[in-house]
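Q: Here's a structure for you.
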Amino acid sequence: MSLGPLMLGVSGLALTPEEREMLQHPLVGGVILFTRNYADPVQVEALVGEIHALRTPHLLVAVDHEGGRVQRFRNGFTRLPPMRDVGVIYGHDPRRAKGLAETIGWLMAVELRAVGVDFSFAPVLDLDHGVSGVIGDRAFHRNPEIVADLAHAYMSGMNRAGMAATGKHFPGHGAVAPDSHVDVAVDERSYNDIYLDDIVPFERMIHYGLAAIMPAHIIYPNVAPEPAGFSRFWMQEVLRKRLGFQGVIFSDDLEMEGASVAGDIVDRAHAALDAGCDMVLACNDFMAMAKLLDGMRSHDDPASHFRLVRMHGRNPITRAQLRSDPAWKQAVMAMEEGIQPKTLDLL
């Protein structure tokens, strides 16, 4: 069975019988995990194994695990700093900052791979314009070239651990104050202003081999009337044609308020897929997930299937192997000491 275009959330620490049935639906291709799905590494490894055992090829298992405020698994995992801390170091020591970014990317990814998770939705490529509370210190920097430089290093660390990277939130969420989780957010800038600034990290990262991109639920009315993730102009004309992106496009959560302009949950899924997304996310509303599975038309796109299977995790490693790895011990020690200018160069 090929991977379907839906990535769904699950309710708890283990699958219910209803969820096991749901995840075997041909429209489903992945599962996104949250704090509600995590107790400790042993439990989450068992949950991921249970999900993977349901299908061949196995369902993708993903999580938001960037570092800082957005790190779903904490007890038993290394606490990662916000990316802004790395950007601050870049200001006086770019070489050290890039080494730290690569180490953080590797550490984040290898700890997730040790419990079987395929990938994290990271890194954030948004610019810190100083107005977005939901982005804020999740962004590496305001300067797009510095963001690209640090994100490239972070992605290199992820790739070395066997994990594909997902850049978000295209074409840029950092210049609007409203949070698209709870508001319909609008960015009034022109296309040229966005292209010459916020899109730069995405363009650079595509050149570096970025595997996946997640668009923002932001409306750019001077460019297109729909939020970016529902816009054929942004997804097809800009991302695919002008930037030459050949990887996976994941929607952001269809349940967010910023997606509400596209209609009900089924309308939103169809709009995102028709615009060019390969996989769409429904994370928390289990009635909405049931409605999706009942109401969505079949979606069979061989190109999407090919792109999605490349998101499976590589380089399997056990937690016991990881704990005995000197590189892991050194990286953990650096995180525990805090990201300070005197932190030793790593790996």
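Q: Note the direction-averaged projected area, equal to a quarter of the hull surface, for the Cα convex hull of the range 44-118, in nm².
A: On the way: hull surface 21.5 nm².
Taking the Cα atoms of the range 44-118, their convex hull projects to 5.4 nm² on average.
Q: Follow-up. PRE reach from His207 (point 7 Å along Cα→Cβ): which of the range 135-169 fall under 12 Å by backbone N?
A: Answer for the range 135-169: 145, 148-149.
Q: Can I ask one more? Which net charge results for the neighbourhood of Asp118, defined as the other residues with beta-carbon distances under 11 angstrom from its beta-carbon, given Lys and Arg at +1 and Asp and Glu at -1? Mind showing how you got there, number by number?
A: Values: positive: Arg113, Arg310, Arg314; negative: none.
Result for the local shell: +3.
Q: Residues with beta-carbon under 12 Å from that of Leu239, excluding Leu239: net charge, scoring Lys, Arg +1 and Asp, Glu -1?
A: Numbers: positive: Arg232, Arg240, Lys241, Arg242; negative: Glu203, Glu237, Asp278.
Surrounding charge for Leu239 is +1.
Q: Taking the simple approach of a point 7 Å from Cα along Cα-to-Cβ for both Ala14 and Arg142, what is their distance in nm?
A: 5.2
Q: May I ask you to derive the FRET efficiency for Arg319 and Asp193 from their Cβ-Cβ distance with R0 = 41 Å, giving the value to the nearest 0.05? If you can, show how the numbers build up before the last one.
A: Numbers: r = 47 Å, r/R0 = 1.14.
Here the calculated transfer efficiency is 0.30.
Q: Could I ask something else about it? Calculate for the chain the 222 nm mean residue ellipticity that helices alone would give, adding -39,500 (n - 2.57) per DSSP H run of length 4 or more and normalising by residue count, nearest 500 deg cm²/dmol. Can you show the working numbers first?
A: Working: 12 runs with 124 residues, N = 347.
Here the helix-only value at 222 nm equals -10500 deg cm²/dmol.
Q: Under 15 Å from the Cβ of Pro302, count the other residues' Cβ atoms, weight Lys and Arg +1, Asp and Glu -1, and hand me the total.
A: Values: positive: Arg307, Arg310; negative: Asp278, Asp300, Asp301.
So the surrounding residues net to -1.
Q: Please give, to one decimal in nm, the separation of the simple spin-label points placed at Asp183 and Lys291, each 7 Å out from Cα toward the Cβ.
A: 2.5
Q: Please give, to one decimal in nm, the separation of the simple spin-label points placed at Ser298 and Val88, each 7 Å out from Cα toward the Cβ.
A: For the pair Ser298/Val88, the computed spacing is 5.5 nm.
Q: Would you mind pulling out the separation of the Cα centroids of the range 142-168 and the range 48-85, in Å?
A: If you average the Cα positions of each part, the centres end up 16 Å apart.
Q: Related question: Mind checking the full-extension length gain between Asn284 and Gln246? Use 0.36 nm per residue of separation minus the Cα-Cα distance, one decimal, nm.
A: Contour length minus Cα-Cα distance gives 10.8 nm.
Q: If you don't mind, there's one more thing I want to ask. Applying 1/(1 + (r/R0)^6) with R0 = 22 Å to the Cβ-Cβ distance of Arg95 and Met333, what FRET efficiency is obtained, to the nearest 0.05? Write down the numbers at each step before the final one.
A: Values: r = 20 Å, r/R0 = 0.91.
Between Arg95 and Met333 the formula returns 0.65.
Laboratory data are not the source of any read-out in this text; all were calculated from the coordinates shown. Please read these numbers as outputs of a predicted model, since none were measured by experiment. Don't worry about glycine lacking a Cβ; one is built from the backbone with ideal geometry, like all the others, and counts go over all protein chains shown.
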